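Enquirer: Here it is, the structure in full.
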Amino acid sequence: MGKEFPDPGQRQRRKYPISTGTILASSRAGHTLAELAVALAVVAVLVGMGWGMFRTRITSYRMFHVARMMHSDLTTARALALDTNREVRIHFVEADLALDPSDAQHGAWDIQVGNRGSGSTEWDTLPLDEDGVVDVSQGERSLEEGGSNEADDISLADWGSLDDDAVVFTPRGWLGNRNADFVDGFVAVEIVNKRALAEGLNERVRLTVARSGFVRMEPILE
């Protein structure tokens, strides 16, 4: 007689019995609609918080970007005055007088070159005009809606009573502003974050120019 071998199917069934408890556990593995709703609500809150923080950071970054642009323009104006042996000024055109957080941003200025050495009282907005061609493409800055440097929620604060509404560099690179324009030895302008104002914060960057023509940038958060 040949040797009988056990049925593999029977051995397999004995080794891995099917449990009714396993079936019930599998049926309980799914999530109810209430659980899914709670999970989605939590995700929505987290996303909302993240978006709010993102917008706040973006606006702060935009404020520093505008402040650096102003710093660059002031530094460029001084260097140009030394290079051309002519007066160069940052002429402020538009300010945000009310700083109302519900209002749009405001602020504009020009980079202009004079020539008092020749007796001229005119100012030429960059680039310097040649052969009677008037071009202001390089020297105009505008934070306004639709402006060349539009910056949402970022404004240029009122610069006070600066003579001729300008910061003027002499051909020697010094400031040519009158004494009354200096407060604590500096002429100052400020770039303001209006979104922060809406949230009850005073976030701005103050740019100061010493009599020597040195430009400094100072962030302020109150």
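Enquirer: Pick from Gly119, Gly173: which is at pLDDT below 95 and on the phi > 0 side of the Ramachandran plot?
Expert: Every option except Gly119 fails the conditions.
Enquirer: For the stretch 179-198, which residues satisfy the criterion of being surrounded by fewer than 13 Cβ atoms within 10 Å (Cβ to Cβ) and outside any helix (DSSP H, G or I)?
Expert: Val183, Asp184, Gly185
Enquirer: So, of the residues in the stretch 199-219 that are at pLDDT 95 or above and acidic (Asp, Glu), which turns out to be surrounded by the fewest Cβ atoms within 10 Å (Cβ to Cβ)?
Expert: Among them, the one singled out is Glu218.
Enquirer: Enumerate the pairs (first residue in the stretch 171-186 and more than 14 Å from Leu74 (Cβ to Cβ); second residue anywhere and basic (Lys, Arg) and at pLDDT 95 or above) with beta-carbon separation below 8 Å, excluding pairs fewer than 6 apart on the same chain, so at least 6 apart or on different chains.
Expert: Pro171/Arg86; Phe182/Arg211; Gly185/Arg211
Enquirer: Let me ask another. Are any residues in the stretch 130-170 among the small types (Gly, Ala, Ser) and surrounded by fewer than 17 Cβ atoms within 10 Å (Cβ to Cβ), and if so, which ones?
Expert: Of everything in the stretch 130-170, those that are among the small types (Gly, Ala, Ser) and surrounded by fewer than 17 Cβ atoms within 10 Å (Cβ to Cβ) turn out to be Gly132, Ser137, Gly146, Gly147, Ser148, Gly160, Ser161.
Enquirer: If I filter the stretch 125-154 down to residues being in a loop (DSSP other than H, G, I, E, B) and of a type in the set (Val, Ile, Thr), which single residue comes out as farthest from Ala166 (Cα to Cα)?
Expert: Val134
The values are calculated or read from the model by the stated rules, or taken from the named source; none is laboratory data. What you are looking at is a predicted structure, and each value in this text was computed from that prediction instead of being measured. For neighbour counting, all protein chains shown are included, and Cβ atoms are generated from backbone atoms with ideal geometry for every residue, glycine included.
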